[in-house]
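Below you'll find the structure, written out as structure tokens, and then a few comments.
Readers should treat all values here as calculations from the given coordinates under stated rules, not as data from a laboratory. What you see is a predicted model, and the numbers here were worked out from it, not measured in a lab. Cβ atoms come from the backbone with ideal geometry, glycine included; neighbour counts cover every protein chain shown.
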């Protein structure tokens, strides 16, 4: 028996980065896609102070579809992880 | 040895611990959402409470570690468990009084180890299990969480750099709520199991269950309830330290921190590591400060926390050992009852002390002025 389970450690780091940094990055990508289009561009060129505008949806159809895909992938990933944890987390009792 | 009166008392004390665990740790999930204004404080704690309840049913891996991986179950009596719980609760309440987000898990584990050592000597502690499943994860998990959160923060700002400031804040507030919910779920999964493990340990000690058993369903339900009620009441003092004291947080950082915490906690629970959600959440918040240019981490606050972390295991162990000494000295059922009366009295005293510098949902977000108690005039900031 070793003091440190290296397999578990690297799994936690790698999957931690994928889920913990990758999924929010995907969400950010979704926000970016959502912001594409004329509406956000107009507020910017009109010289409105950026800090005051909280317009999020740019109006580009492609952008909105891409954003929807990104958000759905994130929800699916969360749902799948919860299911995995449930199945892994109920081991048969030790004899 | 079978003694049902003591068993009932131990179960009640364990649930009381679970309750303190809930309110000590609400901040881990919700502090950043409350600090950035993504959620109103009371809504935040209500959502967190419900998700903690659900999370408690997800996994039993950590409960198994606590029930059979840390102390030799043969040497554990109900008195040992009761004294250990007393150690855990007292340390939890003291750190809450000072607004320090210390680890509830370490308080619990420390308490049980202290009382076991007092009862049966050092050989009854499974040192290998303690180091490999508790101490090392405690050291590594905040570092991993900080790394993940720093990467996440950097990516989020990079990807959304063309968005308007307001649009970004708005979008990430929504994301932050989602990620905070997953952290609450993870907290229920990881932390409620610790109490399940202890109650299982008590049932084994009493002969009600055989060694190596899983937690029975009624134990899971009671623990889920206790932790979710505790969470709902909200440990505003700790929320304040985490949300305002460490780093001034914007919503993208909040989302990065919470996603990192959720991922690390859920992955570790799956491997049966009883790591501290508190350590992970703190690591993430510091990481998110490191990942953004120009963000300041208040290292003095971080240092104070780290000190409390180091002391948590041994201090709770000492309180656990003293409690065992009292119970053993008096002897029998009355000894256990006396310890629990002392525990209740001390808890009441700490609660009374906390009223003097009250932190609640009204002033939780007041400007940080160097301590957990907001200054006398937080009115405008609290209303905002």
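Compute the Rg to Rh ratio over region B:4-383 from the alpha carbon atoms, using the Kirkwood formula for Rh, and round to two decimal places.
0.98
Cβ neighbours within 10 Å, averaged per peptide: list B:85-96, B:34-45, B:101-112 in order, most packed at the top.
B:101-112, B:85-96, B:34-45
Using the basic label-point model (7 angstrom from Cα toward the beta carbon), what is the residue B:221 to residue A:88 distance in nanometres?
Taking the simple label geometry, residue B:221 and residue A:88 are separated by 2.9 nm.
Enumerate the whole-percent occupancy of each 20 Å bin, from 0 to the last occupied one, for all C-alpha pair distances of the protein assembly as shown.
26, 54, 18, 2, 0
On average, how many beta carbons from a partner chain sit within 10 Å of the beta carbon of a residue in B:206-215?
Rounded to a whole number, the mean comes out at 2.
Across peptide B:116-127, what mean number of C-beta atoms from other chains lies inside 10 Å of a residue's C-beta? Don't skip to the end; give the middle numbers.
On the way: counts 0, 0, 0, 0, 0, 0, 0, 0, 0, 0, 0, 0.
Mean partner shielding for this stretch: 0.
Please compute the alpha carbon radius of gyration of region B:196-265, then divide it by the globular-protein estimate 2.2 N^0.38 Å. Two decimals is fine. Display every interim value, and only then the final one.
Values: Rg = 18.0 Å, N = 70, 2.2 N^0.38 = 11.1 Å.
Output field value: 1.63.
Looking only at other chains, what is the average number of their beta-carbon atoms within 10 angstrom of each beta-carbon in B:129-138?
2
Tell me the label-point distance for the pair residue B:8, residue B:338, using the 7 Å Cα-to-Cβ offset, in nm and rounded to one decimal.
Modelled inter-label distance: 2.2 nm.
Please give the helix B:251-270 orientation as an angle from the longest Cα principal axis of chain B, in degrees from 0 to 90, rounded to the nearest 10.
For B:251-270 against chain B, the angle is about 30 degrees.
Sorted by mean Cβ packing within 10 Å, highest first, what order do the peptides B:298-305, B:284-291 take?
B:284-291, B:298-305
Rank by packing, highest mean first: peptides B:255-267, B:187-199, B:68-80, with packing defined as the count of other Cβ atoms within 10 Å averaged across residues.
B:255-267, B:187-199, B:68-80
Suppose only helical runs count, i.e. DSSP H with n ≥ 4. What mean residue ellipticity at 222 nm does that imply for chain B under -39500 (n - 2.57) per run, divided by all residues and rounded to the nearest 500 deg cm²/dmol?
Numbers: 15 runs with 279 residues, N = 384.
After summing the helix terms and dividing by residue count, I get -24500 deg cm²/dmol.
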